[in-house]
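The values are calculated or read from the model by the stated rules, or taken from the named source; none is laboratory data. Keep in mind the model is a prediction, meaning the values are calculated, not measured. Ideal geometry is used to build each Cβ from the backbone, glycine not excepted, and the neighbour counts take in all protein chains shown.
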Amino acid sequence: MPFISFKVIPPASLVAKRFERLRKKIPLISRQRLYGAAVAVRKIMKEPGKPVAYPIKWDSDKQRKAFFASDGFGRGIPTKRTGEYEKGWKVIPVVGSPADVGYDVGNPLAHSKYIGGTARSTRRQSRIHQGRWNLFKDAIDKTVKRLPKTVVRSLKIIARQEGFRTK
């Protein structure tokens, strides 16, 4: 009677070692991809906005009056860009338990929400800046959408390095 042999090639112990090495690399890969995503968001948000469009679309008459009464909010009229907003974007590591490891992206300037909006909403962006400056929420959405593909691609590369076949 004919027989068929079933055996693991390479040996099961070697496969187990490869899986263990792969398991240990997953958190590192995840942190690297999260850092890359945070840097991508920062890069988008650091792009200078388009020049001001006339007539100015003030949020309110009160805002317009305050601008002129305070000499361009203290920066002169016409206001010249300082680059402070663009330079203010930071990527900061989150320190804590292993589950909390990640990165914060943001701009600590109090007025940044009026230029680029907030992470959750576009409502804070002033009408003066709409359509001229990148929105924080859009930058996050665009970057996070690509994140799973990037992580999977990285995991496949590491798996191949460990001797596993991937598609």
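Going by the conditions given, is Arg33 in a helix (DSSP H, G or I) and surrounded by 12 or more Cβ atoms within 10 Å (Cβ to Cβ)?
yes
Provide a single number: the residues in segment 90-109 that are exposed (fewer than 13 other Cβ atoms within 10 Å of the Cβ) and at pLDDT 90 or above.
Summing the residues that are exposed (fewer than 13 other Cβ atoms within 10 Å of the Cβ) and at pLDDT 90 or above in segment 90-109 gives 1.
Okay, residues lined up against (1) surrounded by 11 or more Cβ atoms within 10 Å (Cβ to Cβ); (2) touching a residue at least 24 places away in the same chain (Cβ under 8 Å):
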site	(1), (2)
Leu28	yes, no
Val39	yes, yes
Lys62	no, no
Gly76	no, no
Arg81	yes, yes
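Within segment 125-167, how many residues are modelled with pLDDT of 85 or more, closer than 24 Å to Arg31 by Cα and either outside any helix (DSSP H, G or I) or touching a Lys or Arg at 6+ places or on another chain (Cβ under 6 Å) (or both)?
Of the residues in segment 125-167, 0 are modelled with pLDDT of 85 or more, closer than 24 Å to Arg31 by Cα and either outside any helix (DSSP H, G or I) or touching a Lys or Arg at 6+ places or on another chain (Cβ under 6 Å) (or both).
Residues of segment 104-128 being hydrophobic (A, V, I, L, M, F, W, C) and within 17 Å of Lys87 (Cβ to Cβ), which ones?
Once the filter is applied, which keeps residues that are hydrophobic (A, V, I, L, M, F, W, C) and within 17 Å of Lys87 (Cβ to Cβ), segment 104-128 yields Val105, Leu109, Ala110, Ile115.
Starting from segment 129-146, keep only residues that are among the aromatic types (Phe, Trp, Tyr), then list their pairs with residues that are not in a helix (DSSP H, G or I) whose Cβ atoms are within a distance under 7 Å, requiring at least 6 positions of separation or different chains.
Between residues of segment 129-146 that are among the aromatic types (Phe, Trp, Tyr) and residues that are not in a helix (DSSP H, G or I), the close pairs are Trp133/Gly49; Phe136/Gly117; Phe136/Thr118; Phe136/Ala119.
Among the residues of segment 128-147 satisfying the criterion of being closer than 25 Å to Val52 by Cα and of a type in the set (A, V, I, L, M, F, W, C), which is surrounded by the most Cβ atoms within 10 Å (Cβ to Cβ)?
Per the stated criteria, the residue is Phe136.
Looking at segment 51-86, which of the residues that are more than 32 Å from the chain's Cα centre (by Cα) and among the hydrophobic types (A, V, I, L, M, F, W, C) is modelled with the lowest pLDDT?
Among those that are more than 32 Å from the chain's Cα centre (by Cα) and among the hydrophobic types (A, V, I, L, M, F, W, C), it is Ile77.
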